[in-house]
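Structure record follows, encoded as structure tokens.
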Amino acid sequence: MKMFGWKPALLSLSAALLLAPCAWSQPAIFSKLPYDQAKSIAKAENKLLIIDFTASWCPPCKMMDANTWVDPKVEEWFKKNAVALQVDVDEDKDFAADLNVSAMPTIAVFKQGDPTKEVDRYVGFRKPDQLLDWLNGVLAGKTFKDSSKATFESVVGKGGEAEVSGRYEFAKQLQDSGDVKGAAEQYIWLWKNIMKEYPPMVGVRGSYMAANMGRLAEKDESVKASIAKLRDEAETKDRGDWITLNETLMQPELTLAWFDRVKKDKSENSAKELKTSGFLLSRILIVNNRWPDVAYLYKDPIAELKDKFRFAEDIISYTKGRDVPQINPFPKDAAVIYAALLAAGRTDEAIAVKKEAIKLQDSPKLRQALSAMAQKAGQKEPEEK
């Protein structure tokens, strides 16, 4: 059974944030032909038409380019069975939208002899053997759609990891195939039950799943209303859920208005809510260019910095030796604290944070991040004696 947890979710999210776009080079397996011509050839040769939707900023896509698409066994399979195209979603947004592509990598497979009919798709990274197992299954009439549905039906009512993972994969498959209401039904069940049935998936719940729910809400008013009901119920029960669902519904102004009220309230309960919601709040405040308010969240900046360092060490340890992007969030996290303190006029504390950050993990990347984030916050770095 596939495992989920906060670390894998955060790794993928951090990679997307930290990796800058770079030059895009297609693996040789992909044809340079226009779509209509590739479609005609696939039909004439009675082959599958396979399209890989990718993006220059997508770490799993880059991993597939470097490992999966260049594997000799994969190349040999495609020569015999398929015509392949690779589409950058940023360069051909309309085409990606027409095929309901909302996440990368998405690999869409079209029927032999009828390349206008999609028979299956998979969203996410696949190693060479995993890709071939799936594609050979498609040739044999066993699609991922069918297996997802069968898995879902076999785990309903069982609870625990099995039901959570089965429902999540089924929800993604429904969403990929355009079944908005069906996918929303599964996501809403998961939102309500993940913490009880399988807490390790909480990271996925608050990131990828919340984003997927937002995409569904954009397409259907009844789905949007159901998510808004979840949000309203969370307001008095779980402030973090309430903030996350405000973002899902693209209503950050509600979170900012709440923050402005609570900031004036010096009660112990308000302080606790701000502390536990700090990570979510800082992101929203930065997006809205409210840097001094970000600093308000840091009552003890050095302690906050050390927490970020320990977290980064944990991430580095987790990714070491694994087939995942190597992520180090500390430079960016330290730079945010530094820039926010400068924006709030807490210069001495900012200098202390910079010195401590360099002491903990000195690198050109860290020093560059500190200066760049200060500039982003509109701050001039202080001269240090």
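Here, each number is a calculation from the coordinates, and none is a lab measurement. Owing to the predicted nature of the structure, the values given are computational and were not obtained by experimental measurement. Cβ sites come from the backbone with ideal geometry, for glycine too, and all protein chains shown count toward neighbours.
If Lys and Arg each add +1 and Asp and Glu each add -1, what is the summed charge of the other residues whose beta carbon sits under 15 Å from the beta carbon of Lys158?
Numbers: positive: Arg167, Lys196; negative: Glu153, Glu161, Glu163, Glu169, Glu197.
After counting each charged neighbour, the total is -3.
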Summed over the other residues with a beta carbon less than 11 angstrom from that of Asn193, with K and R at +1 and D and E at -1, the charge totals +2
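Calculate how large, on average over all directions, the projected area of the Cα convex hull of the chain is; give the answer in nm² to one decimal.
Working: hull surface 83.6 nm².
With the hull built on Cα positions only, its mean projection is 20.9 nm².
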With each label point set 7 Å from Cα along the Cα-Cβ vector, what nm distance links Glu235 and Ala66? 4.7
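With 10 angstrom as the radius, rank Glu253, Glu313, Glu161 by how many other C-beta atoms surround their C-beta, starting from the fewest.
Details: Glu253 11, Glu313 14, Glu161 17.
Ranked by crowding around the Cβ, least crowded first: Glu253, Glu313, Glu161.
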For Ala42, net neighbour charge (Lys/Arg +1, Asp/Glu -1) across residues whose Cβ lies under 10 Å away: +2
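Can you tell me the convex hull volume per residue for region 333-385, based on C-alpha atoms, in Å³ to the nearest whole number? Can you show the working numbers first?
Details: hull volume 3.7 nm³, N = 53.
Dividing the Cα hull volume of region 333-385 by its residues yields 69 Å³.
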Which one of Ala55, Asn288, Leu366 is farthest out on the positive end of the charge dipole of the chain, using unit charges on Cβ (Lys, Arg +1; Asp, Glu -1) and the Cα centre as origin? Leu366
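Do you know the relative contact order of the chain, to the nearest whole percent, from alpha carbon pairs under 8 angstrom that are 6+ apart? Don't jump to the answer; show the numbers that get you there.
Details: 480 pairs, mean separation 46.5, N = 385.
Normalised by residue count, the contact order of the chain is 12 percent.
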Which entries in the list Lys275/Lys359; Lys149/Lys219; Lys145/Lys275; Lys237/Lys264; Lys93/Lys172; Lys172/Lys275 go over 31 Å, if you measure between the two C-alpha atoms of each? Lys145/Lys275; Lys172/Lys275
Just the number, please: Stokes-Einstein D of region 256-385 in µm²/s, Kirkwood Rh from C-alpha pairs, 25 °C, 0.890 mPa s. 159
So, with points 7 Å from each Cα along the Cβ direction, the Gln375-Asp146 label distance in nm works out to 5.6
Per the charge dipole of the chain (beta-carbon charges, Lys/Arg positive, Asp/Glu negative, Cα centre), the residue among Val101, Val138, Phe311 reaching farthest to the positive end is Phe311
Would you mind ranking Trp291, Trp258 by Cβ crowding within 10 Å, fewest neighbours first? Trp258, Trp291
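Report, in cubic angstrom per residue, the convex hull volume of the C-alpha atoms of region 6-142.
Numbers: hull volume 15.5 nm³, N = 137.
Enclosed volume per residue, from the Cα hull, is 113 Å³.
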Quick check on the exposure proxy: order Leu174, Leu366 from fewest to most C-beta atoms within 10 angstrom. Leu366, Leu174
Fully extended, how many nm does the chain gain between Phe311 and Ala162 (0.36 nm per residue separation, minus their Cα-Cα distance)? 50.8 nm
